[in-house]
1. Report, by residue number, each residue of the stretch 178-235 that is of a type in the set (Val, Ile, Thr) and touching a residue at least 12 places away in the same chain (Cβ under 8 Å).
2. Here are the criteria: (1) closer than 20 Å to PRO409 by Cα; (2) touching a residue at least 24 places away in the same chain (Cβ under 8 Å). Tell me which single one LEU498 does not satisfy.
3. On the basis of being within 24 Å of HIS337 (Cβ to Cβ), in contact (Cβ under 8 Å) with a residue 40 or more places away in the chain and in contact with a Lys or Arg (Cβ under 6 Å, 6 or more places away or on another chain), does LEU374 make the cut?
4. Go through the residues of the stretch 152-170 one by one and say whether even a single one is in a helix (DSSP H, G or I), assigned by TED's automatic domain parsing to the domain that holds MET279, modelled with pLDDT under 85 and not aliphatic (A, V, I, L, M).
5. On the given criteria, is SER155 surrounded by fewer than 19 Cβ atoms within 10 Å (Cβ to Cβ), at negative phi and hydroxyl-bearing (Ser, Thr, Tyr)?
6. Could you check how many residues of the stretch 22-67 are more than 27 Å from GLY257 (Cβ to Cβ) and not aromatic (Phe, Trp, Tyr)?
7. How do the pairs read when you match residues in the stretch 25-45 that are under 30 Å from THR132 (Cα atoms) with residues anywhere that are assigned to a helix (DSSP H, G or I) and of a type in the set (Phe, Trp, Tyr), using Cβ under 6 Å and keeping only pairs 6 or more apart or on different chains?
8. Condition first: under 23 Å from THR549 (Cβ atoms), over 27 Å from the mean Cα position of the chain (by Cα) and not in a loop (DSSP other than H, G, I, E, B). Can you find one or more residues in the stretch 480-503 that meet it?
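The values are calculated or read from the model by the stated rules, or taken from the named source; none is laboratory data. Since we're looking at a predicted model, the values are computed, not measured. FYI the Cβ positions are ideal-geometry reconstructions off the backbone, even for glycines, and counts take in every protein chain you see.
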Amino acid sequence: MSELFRRLKNHPFITIELTLASFFINFLGLASSLYIIQLLNRYVSHGVDSTLFTLTIGVCIAIMLELGFRRARSSLAIHVGTKRNYDLMTGTFGILTHGKMKYLDRIPQRLRQEIIKGTNTVEDAYKPANITAVFDIPFAFMFIGVITWISPLLSSITLIFMLIVFILGIASRYMLKNNLQKVTEASVKGNGLFNTVNQALDTVRLFDNRRFMARQWSENSEFFLEKRAAVSDQQDFIQSVTRSVQSIMSVAIYATGAMLAVKGELPVGTLIGVNVLAMRALGPISRFTQLGESFTMASQALDRIQQFGIIETERQGGVALKSYQGKIQFKDISFAHPGMSNPLFEALDLEILPGGVLVVTGENGTGKTTLCRLISGLLEPDRGQILADGVDIRQLSPSWWRSQLTYLPQDSQFLQGSIRENLEAAMSYNATVNKPLTTSATSTDSGSPPAPDASISAFTATDESVFTRVIKDAGLLSLIDQSPLGLDTQIVNNGANLSAGHRKRLALARALAVGGKLVLFDEPTEGLDKNGCATVYSLLIELSKKRYTMIIFTQDPNIIRGATRVLDLNSKPVPKIVVNHPNAGTDSHTEIKYNV
């Protein structure tokens, strides 16, 4: 309920209007009960048709006015939740897209998915029908006041039963809370199992994991259905008890009222009208008990959203250098993942001048991808600094800094859309800073890094020549030519419909489309065939000639042999720097050469 009060507090004028509308709705609701009393006590007793006509016309007008106020109140109630729902949805998604990765990495993907879905649960709980139902609760005492005016004894009976139903409503929330939490946990686990099987159908069959996955699914399904059945049973119990309480209240009112009628203290018509009034008074309380599940689930979803919401986000502002020359420097860098007893690496000191090349090698798990993420700003070092042209990258605008990177990640993920849309997104991201990086670029000054592709003075996201160049340089042309839709070929499930080699080539094309001055390639030849590797080697040679600063994370022996300097992360805890070409010097530029 605290969430409802928060929403109302944010809309004070609408809250006042809702209160007034609820007053008129309930006030006009008295008309039906009074109509019954007057009809039975006056018309039945005297038989005057004009009385019947007047009463009927009057109650019909009241009913129509009540309908109008109800529609107006529903429209007002929509505005109470719209902005809050929007803020929750966009805020939660914003944490997902802007939260610091060191925190997001600790939350399982399926739980992040459930947190995002929780915003829909909150929206459903605080929909207009539920909000207006809560507004009717205080006005139940308006009907109690009328009953008290007629018979204090019958009013007391009604109040007792209202209290019983209210207590049932509160109890239902506590009864449901534990089982609903277990239902949610089972749902999260079930979604994880489904995603695992759905994304790895071949693996499940090839390694005969069907029994293993089926057993987990069966156990989780059994647990889910058990807890869901318990929730349904509790809901049915509460609803059945509530209906029974309503029936018993009617019996109590009629029994007591009948005794008063026999004594001549209460007309029969008034007794029937009092019962209708009592039901109207009990109605809002009864509806409140039925909202127990919705409010409980919303409360649990809000708790998860609020915990998610405290995740620290990346700074959106920051410095944007007038011109990044490509220099990168590591000063006493140390990093350890949460829970690790020893750091992946520490005391890393290294400087790469513009146009320099560094190869980073090491076995799996030694920190190659982690170092790559540190350079991109996705992670922050536990100690030390990473400097770009002498400026700590933590002072730089994250968006600007990443626009300076030609980044090929090891695990390629793509947007849900076409190949064209994925490349357009990369180009649009960096359109005002760089131009697409292609091997047709020429250097006008051998002593400084070239402007990427000086032959292109401007481009738009739909420029076919730009697409052709980056696709050709990435070796993706065969896929485009062989696909009926060409550039409009759709990518689904992060590229699961493409082969590993085509995913790597598409990721390479996307990296080239950004055109940053610092090239970060994480395992660029992994998953590629001989021709694909040859494409990567040729591209690296050309980029080296054009004097782009490059850091290549790989275990490929061909790339390692061709590098001037190699950073060996197998050396723990301080990485070792190996100079393959001693005559070149650590800061001078040497073109990469490979045996292709």
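1. Across the stretch 178-235, the qualifying residues are VAL183, THR184, VAL188, THR196, VAL197, VAL231.
2. Looking at each condition in turn, LEU498 falls short on (2).
3. So LEU374 fails the test.
4. Taking every residue of the stretch 152-170 in turn, at least one turns out to be in a helix (DSSP H, G or I), assigned by TED's automatic domain parsing to the domain that holds MET279, modelled with pLDDT under 85 and not aliphatic (A, V, I, L, M).
5. no
6. So the answer is 9.
7. ILE25/PHE69
8. No, there is no match, as no residue in the stretch 480-503 is under 23 Å from THR549 (Cβ atoms), over 27 Å from the mean Cα position of the chain (by Cα) and not in a loop (DSSP other than H, G, I, E, B).
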